[in-house]
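The values are calculated or read from the model by the stated rules, or taken from the named source; none is laboratory data. Computed from a predicted structure; not experimentally measured. Positions of Cβ are backbone-derived with ideal geometry, glycine not excepted, and every protein chain shown enters the neighbour counts.
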Amino acid sequence: MSNQAEQKVLGTTAPASGQANPPAAAPAKKPNPRVLIVAGLIAVAAVAGGGRMWYRSAHFVETENAYVAGHVHPVSSRIAGTVTKVLIDDNQYVKAGDVIAELDPFDQRVKVEQIRAQIASAETQVVQADAQVAQVKAQASASAAQVKQSEALLVRANQDAERYGQLYTSQMKAVSKAELDAANAGRASASADVAARKDSAAAAKAQIAAASSARDVLKAQIGVLNVQLKEAEQQLSYNTIVAPVSGRVGKRSIEVGQRVSPGQQLTALVQDDVWVTANFKETQLADMHVGQAVHISVDALPGRELTGRVDSFSPASGNQFALLPADNATGNFTKIVQRVPVKITLDDKDRKALAGRLVPGMSVIAEVEIGDNAQQHAQAASPAGTQVH
């Protein structure tokens, strides 16, 4: 009884004999601080990543479909010939006008000498023609003098015939009939001689014209031969193949002893003046303008960012310049987002600093700033502040 009283006083009741003690309630576990920290960091990273993606989508457009482009000049032979010298090596830098290779000039040199000999022969013939013209002119002058002499004799013969005619009439026989007949015959002879002399003078004039024409033909032939000589000398100069521009040698395929034909490419010269051609989707062009800043990452130069500007937009999509453009007027049409080439020029400091390392064909990533500041810069760069799409 004393034990029960004590238990009542303590506010507890002793369990009945043979009954087990009831289980105690498990205490609530506190969250692990590390888990909370990791979850918070993940949430912050997600918010930051989402904010960055939103910001970049609103202020930048990017494409990986971009490449370095440049001027690649093919060098070919303009005549057929055999290569005798090659003065370049792979990747060598040459200046405009430097000799790249030489061909055997024998055939063209023989042709030049042959034409020069023909010109010399024609010039000799011209000298002879000039002498002949002078001779014919002298003959014509002599014929003209003879005509005047014959005309003077004709005048005298006419006077004699008239005089004898007056002296021999039916009323007066001062001269004989034979003398009158002789005077008339002399007049007829003088008249015939004048006609003959005139014909001879006309023939001499015709000979002058013929000789002058022959001389003019020879001079014309000399002119033709001079043109042929210039062409032959030009063909001879083509045996020396020179660099059309300054640049580095690439795709060299010329060797000594090789037989080349006209138009055959022997090498290519690549200039250091390069730019970037970025193929943006047509849906990315709405906020792009000429003059906007561009951030360029070159795969060959990791960790180095180049800067540039939007220079111009292609007049047509890449599909329009393809060898076989897609025919969209068919029944199985599927809309495909087209890409438009955009020319991006590099800043001079980057282009000069990387001269020889940026080569056409390199892959790049182009990122264009299309934010408000970029748009203001583009408007300032455009003529009269106009926006150019």
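With the checklist (1) closer than 30 Å to I344 by Cα; (2) of a type outside the set (D, E, K, R); (3) assigned by the TED database to the domain that holds A134 in hand, flag the one item V276 doesn't pass. Only one criterion is unmet by V276, namely (3). Scanning the range 314-328 for residues that are of a type in the set (A, V, I, L, M, F, W, C) and either within 21 Å of Y67 (Cβ to Cβ) or part of a strand (DSSP E or B) (or both) yields a count of 4.
Selection of the range 325-356 for residues being under 25 Å from the mean Cα position of the chain (by Cα) and closer than 20 Å to N279 by Cα yields V340, P341, V342, K343, I344, T345, L346. Filtering the range 281-294 to residues that are within 31 Å of the chain's Cα centre (by Cα) and not polar (S, T, N, Q) leaves K281, E282, L285, M288, H289, V290, G291, A293, V294. On the basis of being on the phi > 0 side of the Ramachandran plot and touching a residue at least 12 places away in the same chain (Cβ under 8 Å), does K205 make the cut? No; evaluated as a whole, the condition is false for this residue.
The criterion of at least 3 residues that are within 25 Å of the chain's Cα centre (by Cα) and among the small types (G, A, S) is met by the following strands (runs of 3 or more DSSP E) wholly inside the range 52-121: 60-76. Specify the residue that is modelled with the highest pLDDT; the eligible residues are those in the range 358-386 that are exposed (fewer than 12 other Cβ atoms within 10 Å of the Cβ) and of a type outside the set (S, T, N, Q). Among those residues, the one meeting the criterion is G361. Considering only the range 329-349, state which residues are out of contact with any helix residue (DSSP H, G or I) (no Cβ under 8 Å at 6 or more places or on another chain) and either surrounded by fewer than 16 Cβ atoms within 10 Å (Cβ to Cβ) or part of a loop (DSSP other than H, G, I, E, B) (or both). Scanning the range 329-349 gives A329, T330, G331, N332, F333, T334, K335, I336, D347, D348, K349.
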